[in-house]
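**Q** Input: one structure, supplied below.
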Protein chains: 6
Amino acid sequence: MKNKIIAIYPGTFDPVTNGHIDIIDRASQLFDEVIVTVALNINKTPLFSSDERKFLLKEVTKKYKNVKIDSFSGLLVDYAKKNKASVIVRGLRAVSDFEYEFQMSLTNRKLAPKVTTIFLMPNEKYTYLNSSLVRELSKFNGDISGFVPAIVRKKLKEKRKKD
Amino acid sequence: MKNKIIAIYPGTFDPVTNGHIDIIDRASQLFDEVIVTVALNINKTPLFSSDERKFLLKEVTKKYKNVKIDSFSGLLVDYAKKNKASVIVRGLRAVSDFEYEFQMSLTNRKLAPKVTTIFLMPNEKYTYLNSSLVRELSKFNGDISGFVPAIVRKKLKEKRKKD
Amino acid sequence: MKNKIIAIYPGTFDPVTNGHIDIIDRASQLFDEVIVTVALNINKTPLFSSDERKFLLKEVTKKYKNVKIDSFSGLLVDYAKKNKASVIVRGLRAVSDFEYEFQMSLTNRKLAPKVTTIFLMPNEKYTYLNSSLVRELSKFNGDISGFVPAIVRKKLKEKRKKD
Amino acid sequence: MKNKIIAIYPGTFDPVTNGHIDIIDRASQLFDEVIVTVALNINKTPLFSSDERKFLLKEVTKKYKNVKIDSFSGLLVDYAKKNKASVIVRGLRAVSDFEYEFQMSLTNRKLAPKVTTIFLMPNEKYTYLNSSLVRELSKFNGDISGFVPAIVRKKLKEKRKKD
Amino acid sequence: MKNKIIAIYPGTFDPVTNGHIDIIDRASQLFDEVIVTVALNINKTPLFSSDERKFLLKEVTKKYKNVKIDSFSGLLVDYAKKNKASVIVRGLRAVSDFEYEFQMSLTNRKLAPKVTTIFLMPNEKYTYLNSSLVRELSKFNGDISGFVPAIVRKKLKEKRKKD
Amino acid sequence: MKNKIIAIYPGTFDPVTNGHIDIIDRASQLFDEVIVTVALNINKTPLFSSDERKFLLKEVTKKYKNVKIDSFSGLLVDYAKKNKASVIVRGLRAVSDFEYEFQMSLTNRKLAPKVTTIFLMPNEKYTYLNSSLVRELSKFNGDISGFVPAIVRKKLKEKRKKD
């Protein structure tokens, strides 16, 4: 038997989509513990605060016993080491994701050779789904019921009303 | 603790390269058992017979206690089920690999929803390395010492002499 | 009111898939007449003869009153001119299709400036579906029920038995 | 004979280029009516106001009897429905356009299944032409005579003088 | 003043096209000597013999005083060394060329660190032009006058008659 | 013997990396004079001022006798003409660079037909290296010793302290 393997799944999650949940579901079956962690980026102004994003992630991953929700700033590999994670999980949806992901994967490998980045492909229903599409559709009251869980739809509706 | 996770790493391995070994090394750390399995394809005429390819794979993976060598024909998902594997490992090196891999990953997911395909990126030293480049260089006596283990070089040399 | 517009939809159709039918359905709504035409290519050995491919196309497009089935050899633009077609319809599924399609589109534009190539994207369910995947799965008795109509499944089964 | 088919061709058109005009020319031959519509995007600061962009589009499409100029905000599919359009026309020039266009095409298909997105490829002279290149060249007084009609050149010159 | 720089421009040239000539023209201005060299590949059956291809290359490059025509088999870097060439010239037309060219460039760099591969982009008129398109069009008597010089058209016509 | 050939290598160089130096090294061997020139872009706020960037470039290219450091604003082709340069050198690292580079290359060719753009591929160690990755890693004190020369590391450290 191998040692316990801890994986981290970093992202902006602004907000979490069904595509993210698909990845979390897969990762939770492969590894002993999965830490879904919100990347705090001071350069971008998110629609949801980091607390809101963590709340939504917690709500939609309740049923996974080995999934934890967290946030981080700074270098991902430093966060991985601090959490004894040996795996970074990334979703790979389209060719346009590829080169950025490859760059980050190789850079992280140089900085932390013992941490392995693995890529999972979401269901093809989610190939062209991302959070910014969800935000855009929601802004104009488009139908997003196939893209995000009910609680995320509810929170997006509340945001819309405040505008 | 999770159940034992068995991963299969299918390929042509004609012959195994340092890029393949890099993937096997990573996979052996992530999963309880890794089956490296030679895909038998009647449409292609390989340089090395399937027995030669399995022999070379065994030689270069000796030090990994949880790695087995095998071969298969037919559908990969059928092979995965027969071997109780829940993970398919694939190396992803370049954009040109992407769409074929995506197609196979989504098709296999449809045929066997419980099997997850994961992608690993080899060291950038091996980004543009593949078996056909090795065969081509070897044919003209080019230097392949950075690309394959010594025993593969030796066997390639023997093939060259027989020509 | 415009003149009657005739579109041709050329392809190998070996065999026709649900992705092709999706394109035919769309094209039949846009144009007055759609000629689905089997490209005869002496360099490739198809699984189905041109007569079998035309038979299957006829069966699965019965309900479209403005769709005709045909075959051709030689240059597509000569075929278009002979049939008074001003539109060539092509499905565009993935980045790997793009450059070949662009090359053919620009070449045909040079040879026949009055003929316009239009591209349609099939439903994302069919993004990674093509005839060669269907043939491969069928060979090993994989489940292709989501990929082709029942009559195509039946004919593929008959082919398998003859092997 | 089919029903009258109305197509919309949305874009930023800041300013209209010869590549856009090439697409409009083709679309006007395929469909009964073509509505070229300026997308109003509050997040971007355009060089030309929406009125200026519509003026230039009207000037350069005068000769097309079935082309109308308009503008819109909100979701494109809502605009399509309101205008009884069953076709969305998009130019596809390069691989880098592809995935964004695919995403929008599939999303719009989900939101409005009866609206079909079609893609046209402009003449290869315009493959690498876009409005931002025109603005950049104009800013430094570069020669843009092959890229935009005379009236657009004139208006760009006026903008330059005001800087 | 630098040493005399010799460049080689390898290719199949079956047959030479206007795109190749565009590259040769550029290279002849940059380097002291350019050797255009026909790659002999025993696995492919060319339309034109190597002597015919060299004859056509000689005819269409007559006016370049520093261009020589040759052929080679074996590894390109060995050929470069034998000819004291420090530069390999390659045309780069489209994304689909990219990864193969990158692979060869990096491999050749490893085998011969002092030889530099440079890439030139042909005029956009030739972006989607290649020899196989020319052969295909010629086979069906399509108009190739914009794609190849008159003497190549003549030789293609002769081939057609022999079929 | 050819005329003296002057090449320009434009870039942002914020800061210069080992990948840039690799390109400069190659270019200095091919051409009589290489002008490395910092593009001044008023829309971007660089980390290093143009004087700092030129200082660093001078420091790390000291050993190349035929390399000069400069800066420019306006159109690159105007700068090339003013400096009697007939070559523009660009590094090409990844597919994502390709289309932008192709666009600029073809545009510049139209504006200045006698200037040739050539592309060089850096060592694969630098494939996924760029200045923005270096800035990001440096901000969080990540190890950048394999990516930039010592003097650049020192200057980045000073910037970090001022924050």
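The values are calculated or read from the model by the stated rules, or taken from the named source; none is laboratory data. Quantities reported herein were computed from a predicted structural model and do not represent experimental measurements. Counting neighbours? That spans all protein chains shown, and the Cβs are built from the backbone with ideal geometry, glycine included. Side chains are part of the model used for accessible areas, which takes the heavy atoms of the whole protein and leaves out ligands, DNA and RNA. Shrake-Rupley method; radii C 1.70, N 1.55, O 1.52, S 1.80 Å.
**Q** How much area per residue is accessible in the protein assembly as shown when the probe is 1.4 Å and only protein heavy atoms are counted (Å²)? Write down the numbers at each step before the final one.
**A** Working: 44080 Å² over 978 residues.
Accessible surface, normalised per residue, equals 45 Å².
**Q** Using θ = phi - 60° and the Karplus curve 6.51 cos²θ - 1.76 cosθ + 1.60, what whole-Hz ³J(HN,Hα) does each residue of the range B:3-20 get, with Gly and Pro shown as x?
**A** 5, 4, 10, 9, 10, 10, 10, x, x, 8, 6, 10, x, 4, 10, 4, x, 4
**Q** Report the residues of the range C:80-118 in range of a label on B:Ser132: point 7 Å along Cα→C-beta, backbone N strictly under 14 Å from it.
**A** none
**Q** Also, I was wondering about something else. Put a dot 7 Å past each Cα toward the Cβ at F:Lys162 and E:Lys162; how far apart are the dots in nm?
**A** Placing both labels 7 Å beyond Cα along the Cβ direction yields 7.2 nm.
**Q** Residue by residue, what Karplus-based ³J(HN,Hα) values in Hz, rounded to whole numbers, does the range F:88-102 have, using 6.51, -1.76 and 1.60 with θ = phi - 60° and x for Gly and Pro?
**A** 10, 9, 9, x, 10, 10, 8, 3, 5, 6, 4, 5, 4, 5, 5
**Q** Based on the mean of other Cβ atoms within 10 Å per residue, sort peptides C:70-79, E:17-26 so the most packed one is first.
**A** Details: C:70-79: 17.8, E:17-26: 21.3.
With the highest mean Cβ count within 10 Å placed first, the list reads E:17-26, C:70-79.
**Q** Let me ask something additional. Does the range B:6-128 come out rounded, prolate or oblate by the C-alpha gyration tensor, with a ≥ b ≥ c the root eigenvalues, rounded set by a/c under 1.5 and, if not, prolate when a/b is larger than b/c and oblate if not?
**A** rounded
**Q** Assume the label is 7 Å from Cα along Cα to beta carbon: what separations in nm does F:Lys81 have to the matching positions in the other copies?
**A** Once sorted, the set of distances for F:Lys81 reads 4.3, 4.6, 5.4, 5.4, 7.0 nm.
**Q** Now for a different question. Of all trypsin sites (Lys or Arg not before Pro) in the range A:63-95, which ones are in loop regions per DSSP and have a Cβ with at most 14 other Cβ atoms within 10 Å?
**A** Sites meeting the loop and neighbour criteria: A:Lys63, A:Lys65, A:Lys84.
**Q** Please list the non-local residues whose amide H lies under 5 Å from the amide H of A:Asp70, H modeled 1.01 Å from N, same-chain partners needing a gap of 5 or more.
**A** Here the answer is A:Val36, A:Thr37, A:Val38, since their amide H atoms fall under 5 Å of that of A:Asp70.
**Q** Additional query: Which cross-chain or sequence-distant (5 or more) residues have an amide H under 5 Å from the amide H of B:Gly91, H modelled 1.01 Å from N in plane?
**A** Excluding prolines and chain starts, which carry no amide H, the hits are B:Leu120.
**Q** Is it possible to state the helix-based mean residue ellipticity at 222 nm for chain F, with each DSSP H run of 4+ residues giving -39500 (n - 2.57), the sum divided by total residues, to the nearest 500 deg cm²/dmol? What is it?
**A** So the helix-based figure for chain F works out to -13000 deg cm²/dmol.
**Q** While we're here: Regarding the protein assembly as shown, what's the average projected area of the Cα-atom convex hull, expressed in nm²?
**A** 41.0 nm²
**Q** Over the Cα atoms of the range D:66-163, what radius of gyration and what Dmax do you get, in Å?
**A** 16.8, 47
**Q** Under a plain spin-label model, where a point goes 7 Å from the Cα along Cα-to-Cβ, how far apart in nm are E:Lys154 and B:Ser145?
**A** Inter-label distance under the simple model: 5.3 nm.
**Q** Among the DSSP beta bridges whose two residues both lie in the protein assembly as shown, what percent are antiparallel, rounded to the nearest 5?
**A** Of all bridge pairs located within the protein assembly as shown, approximately 5 percent are antiparallel.
**Q** Moving on to the next point. Over the range A:6-128, what percent of the accessible surface lies on carbon and sulfur atoms, probe 1.4 Å?
**A** Answer for the range A:6-128 is 51 percent, counting heavy atoms of protein chains only.
**Q** Show the residues, 5+ positions off or on another chain, whose built amide H is closer than 5 Å to the amide H of C:Ile5.
**A** Placed amide hydrogens put C:Asp32, C:Glu33 under 5 Å from C:Ile5.
**Q** OK, next. Relative to the other copies, what are the label-point distances for A:Glu59, with labels 7 Å from Cα along the C-beta vector, expressed in nm at one decimal and sorted shortest first?
**A** For A:Glu59, the inter-copy label distances come out at 5.0, 5.2, 5.2, 6.0, 7.5 nm.
**Q** If you don't mind, another one. Residue by residue through the range B:63-73, which ³J(HN,Hα) values in whole Hz follow from phi under the Karplus form 6.51 cos²θ - 1.76 cosθ + 1.60 (θ = phi - 60°), with glycine and proline marked x?
**A** Listing the rounded values in order: 6, 9, 5, 9, 10, 10, 10, 8, 9, 7, 10 Hz.
**Q** Then there's this: Between the chain alone and the structure with every protein chain in place, find the residues of the range F:130-163 that drop at least 40 Å² of accessible area; heavy atoms, 1.4 Å probe.
**A** SASA drop of 40 Å² or more in the range F:130-163: F:Leu133, F:Leu137, F:Phe140, F:Phe147.
**Q** How far, in nm to one decimal, is A:Arg160 from itself in the other copies if the label point is set 7 angstrom along Cα toward Cβ? Shortest first, please.
**A** 4.5, 4.5, 4.7, 6.1, 6.8
**Q** Further question: Counting partner chain Cβ atoms within 10 Å of every residue's Cβ in F:86-92, what's the average?
**A** 2
**Q** Between chains C and D, what is the buried accessible area in Å², counting both sides, with a 1.4 Å probe and ligands, DNA and RNA left out, to the nearest 100?
**A** The summed interface area works out to 3300 Å².
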